[in-house]
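The values are calculated or read from the model by the stated rules, or taken from the named source; none is laboratory data. Bear in mind that the values here come from a model prediction, so they are computed numbers and not experimental data. Because the Cβ atoms are built from the backbone with ideal geometry, glycine has one as well, and the counts that use them run over all protein chains shown. For accessibility, only protein heavy atoms count, side chains too; no ligands or nucleic acids. Shrake-Rupley method; radii C 1.70, N 1.55, O 1.52, S 1.80 Å.
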Amino acid sequence: MGRLVGAGAPGEDAAGPAFHELMKSLLRFDYIVVFAYRGQERPIDLYSTFTAEEHVVFVSMYQAGPYLLDPFYRAAQQPKPGVWRMRELAPDRFFSSEYFRSYYTQTGLAEEIGFFVALDNGITVVLSLMRREQSGVFSAAEFALLKKAEPVVAALVRHSWPDLGRRFDLAFAKRGRSGRKAAQPSADRVWRDLNLTDREAAIVELVLQGHSSESIGLRLGISTGTVKVHRRNVYRKLGISSQTQLLSIYLKSLG
């Protein structure tokens, strides 16, 4: 591991393959993907091991808007440095949420584990290891091994991707020049365009992330009954009757 950090550490182009080789020496997995996050901006994909067809689902579709509902994205905003299983970060109803049923199940994953590395300027790099359903979940011993490797992975990221802020700025400027309505997806803009109040927006966003009414009430300091009233009001305002329709409107509004 020592050769991955310090003066001999790989540069930006070689960092993803170096991480890949390190993980292959430790355990078995099916996929790797590395994303950089900054605020609500579209994530930058730094490295992945997908085929072209898999890349559409895991990267292109994800970057188009679903990332805003991803537990890994949410954790990157806090940030939560270290190594995390997806299920440790997911809301209480995530695995029965419409986002999970409509998007995440398309990945066919049994489990995802991420290394979270917080950098300067509000940027977090998340290096994900994934196993398909046929491969099963990571064992406790494998997870413990990954936690031991975390300092090396964090050092690799900090050495190899020192200027991600510039890449975000360039990507933002490029999308702005394309003449799109907005240079990046914005959940706040979606809710404003749909004429929801701030409280209604906060509630439906948590619903889409996979929080139950009880969890939403605890997070916002209101009763479960009040949460349900707001949800009914939103559905009536939007002319819908299901979370499936709510997610469809949300993703279409993101463009």
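Some notes on this structure:
- Each residue in segment 59-103 was checked for being assigned to a helix (DSSP H, G or I) and open to solvent by 20 Å² or more (accessible area, probe 1.4 Å), and 13 pass.
- Qualifying residues in segment 126-144 (those that are assigned to a strand (DSSP E or B) and open to solvent by less than 30 Å² (accessible area, probe 1.4 Å)) - the one farthest from ARG158 (Cα to Cα): ARG131
- Of all residues in segment 104-125, those satisfying the criterion of being under 30 Å from HIS159 (Cα atoms), hydrophobic (A, V, I, L, M, F, W, C) and open to solvent by 10 Å² or more (accessible area, probe 1.4 Å) are ALA118, LEU119.
- Within segment 150-173, tally of residues that are assigned to a helix (DSSP H, G or I) and surrounded by fewer than 20 Cβ atoms within 10 Å (Cβ to Cβ): 14
- Condition met for PHE19 (touching a residue at least 12 places away in the same chain (Cβ under 8 Å), in contact with a strand residue (DSSP E or B) (Cβ under 8 Å, 6 or more places away or on another chain) and open to solvent by less than 20 Å² (accessible area, probe 1.4 Å)): yes
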